[in-house]
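Below is one structure, written out as structure tokens; comments come after it.
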Amino acid sequence: MAAKKLYETFSKALIEEVHRWGSLKQTGVSLRYMMEFGSTPSDRTLLISAQFLHKELPIRIARRAIELESLPYGLSDKSAVLKVRDWYLDSFRDLRSFPEIKDTVDELNFTQMIKMIKVRHNNVVPMMALGVQQLKKDFKPKTLPTNLDEIHQFLDRFYMSRIGIRMLIGQHVALHDPNPPPDCVGYIHTKMSPVEVARHASEDARSICLREYGSAPQIDIYGDPSFTFPYVPSHLHLMVFELVKNSLRAVQERFMDSDRVAPPVRIIVADGIEDVTIKISDEGGGIPRSGLPKIFTYLYSTAQNPLNENLDIESYDAVTMAGYGYGLPISRLYARYFGGDLQIISMEGYGTDAYLHLSRLGDSQEPLP
Ligand SMILES: Nc1ncnc2c1ncn2[C@@H]1O[C@H](COP(=O)(O)OP(=O)(O)OP(=O)(O)O)[C@@H](O)[C@H]1O
Ligand SMILES: [Mg+2]
């Protein structure tokens, strides 16, 4: 990786522009707003949406680029982090060098460009994880600062912002679909059945478990399959997938060598007025209380870490049972992005309950770090 220092690769003028844009105010949108805005896409609404993104995306991207320059413990100088910073600066430059969007032709070109930006940033999460790992290697095990809170908080902000940027781009691009699937407004499904999504996500997690262990516990889902509410199915899929994967692994590891049949993982979907709550319960032995404060950090995993220096991230198939320590913190960010939350309750010696709360009202603004 031949990432270079800032001024070797980027002009002074660009860096100054990044700082100027990074100090402007971000504008958050809500699920409901995105849904209402995109419900009848026309050339005019697409134009307005593109004009909004033309202004909003550089602000959000500039903020992250600036933050990437001043991370604690020398994290900013790690080659993987420099690479991520370059992706952000390239995208900022692309956006800023795009002229004012005046008509449908401009709009289509702009859409093409932000689609490319989304692809450029596909591997930000494993690349940053690699950067943190590079940092960890600098410290001899005993000298690693126990309190890496600053880094975890930075990563929370950074990934939360990324979720927002990808949602906005994805939503805008999807609104161009001339034949959208029924009841879909871009990424949003106006009649999403959480039970159905939970079923698909569970099947996906189960097949990975089967691949890795040769067997997998049963998964039982309780709840009304006909109940629906507006949400982003890909987000819910990701969260349930991660939680079920954790449960399957815990149960599998605990019962692999036992004579007893592995107890099923149970998923309960409750439709409240304010929240839809999905509880994922397992009898996988729980998490020790001393480990609980760490589970939402980006370094806590009891699995073997699959990332290493020689790995080719571009062609890496990121789906494994466990190993990054990213499943829980990232899932919680997705939940919070639309005003929900994720809680983990453990009974050591018995099992774990994960409570995934999703806000039903859809009117909470994106949290903007
Ligand atoms: N249901 C569970 N039962 C027991 N331990 C759990 C459970 N869920 C999480 N854990 C513990 O918390 C740790 C962190 O979970 P997390 O999903 O964030 O990362 P991971 O599963 O190790 O790796 P990945 O990033 O691939 O998900 C796990 O390694 C495991 O030790
Ligand atoms: Mg996990």
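The values are calculated or read from the model by the stated rules, or taken from the named source; none is laboratory data. Quick caveat: nothing in here was measured; it's all calculated off a predicted structure. Because the Cβ atoms are built from the backbone with ideal geometry, glycine has one as well, and the counts that use them run over all protein chains shown.
There is no residue in the range 32-50 that is free of Cβ contacts under 8 Å to residues at least 60 places away in the same chain, surrounded by 15 or more Cβ atoms within 10 Å (Cβ to Cβ) and closer than 19 Å to Pro369 by Cα.
Across the range 322-346, the number of residues qualifying as within 13 Å of ligand 1 (Cβ to nearest atom) and more than 19 Å from Pro126 (Cβ to Cβ) comes to 5.
Listed conditions (1) modelled with pLDDT of 85 or more; (2) more than 13 Å from the chain's Cα centre (by Cα) are all met by Ser331, apart from (2).
Sub-6 Å Cβ pairs linking a first residue in the range 177-201 that is exposed (fewer than 14 other Cβ atoms within 10 Å of the Cβ) to a second residue that is assigned to a loop (DSSP other than H, G, I, E, B), at least 6 apart or interchain, are Lys191/Asp183; Lys191/Thr228, ordered by first then second residue. Note on the range 90-110: among residues that are touching a residue at least 60 places away in the same chain (Cβ under 8 Å) and crowded, with 20+ Cβ neighbours inside 10 Å, the one that is farthest from Val18 (Cα to Cα) is Glu107. Does Arg206 satisfy the criteria of being charged (D, E, K, R) and surrounded by fewer than 17 Cβ atoms within 10 Å (Cβ to Cβ)? So Arg206 fails the test.
For Gln171, are the conditions met, namely being touching an Asp or Glu at 6+ places or on another chain (Cβ under 9 Å), among the polar types (S, T, N, Q) and part of a helix (DSSP H, G or I)? No: the conditions fail for Gln171. Here Ile208, Ile287 are screened, and the one residue that is in contact with a strand residue (DSSP E or B) (Cβ under 9 Å, 6 or more places away or on another chain) and within 13 Å of ligand 2 (Cβ to nearest atom) is Ile287. One residue alone among Leu47, Leu95 is closer than 30 Å to Asp177 by Cβ, modelled with pLDDT of 95 or more and in contact with an Asp or Glu (Cβ under 7 Å, 6 or more places away or on another chain), and that residue is Leu47. Being touching a Cys at 6+ places or on another chain (Cβ under 8 Å) and not assigned by TED's automatic domain parsing to the domain that holds Gly164 holds for only one residue in Gln304, Gln252, and it is Gln252. Summed over the range 334-369, residues that are more than 22 Å from Gly291 (Cβ to Cβ), touching a Leu at 6+ places or on another chain (Cβ under 9 Å) and among the hydrophobic types (A, V, I, L, M, F, W, C) total 3. Set side by side, the residues Val173, Val195, Val251 differ, and just one is among the β-branched types (Val, Ile, Thr) and within 16 Å of ligand 1 (Cβ to nearest atom), which is Val251.
Do the conditions hold for Pro263, that is, is it more than 9 Å from ligand 1 (Cβ to nearest atom), within 14 Å of Gly351 (Cβ to Cβ) and not hydroxyl-bearing (Ser, Thr, Tyr)? For Pro263, the condition - more than 9 Å from ligand 1 (Cβ to nearest atom), within 14 Å of Gly351 (Cβ to Cβ) and not hydroxyl-bearing (Ser, Thr, Tyr) - is met.
Could you pull out the residue among Ile268, Ile221, Ile280 that is in a strand (DSSP E or B), within 16 Å of ligand 2 (Cβ to nearest atom) and either crowded, with 23+ Cβ neighbours inside 10 Å or in the same structural domain as Ala354 (by TED's automatic domain parsing) (or both)? The unique qualifying residue is Ile280. Give me a count of the residues in the range 347-369 that are within 12 Å of ligand 1 (Cβ to nearest atom) and either over 16 Å from Val244 (Cβ atoms) or acidic (Asp, Glu) (or both). The qualifying residues number 5. Of everything listed in (1) of a type outside the set (D, E, K, R); (2) closer than 29 Å to His172 by Cα; (3) more than 16 Å from ligand 2 (Cβ to nearest atom), the single unmet condition for Phe241 is (3).
Of all residues in the range 1-26, those satisfying the criterion of being modelled with pLDDT of 90 or more, closer than 25 Å to Met128 by Cβ and not charged (D, E, K, R) are Leu14, Ile15, Val18, His19, Trp21, Gly22, Ser23, Leu24, Gln26. Of Ile61, Ile165, all but one fail to be over 27 Å from Glu8 (Cα atoms), part of a helix (DSSP H, G or I) and among the β-branched types (Val, Ile, Thr); the exception is Ile165.
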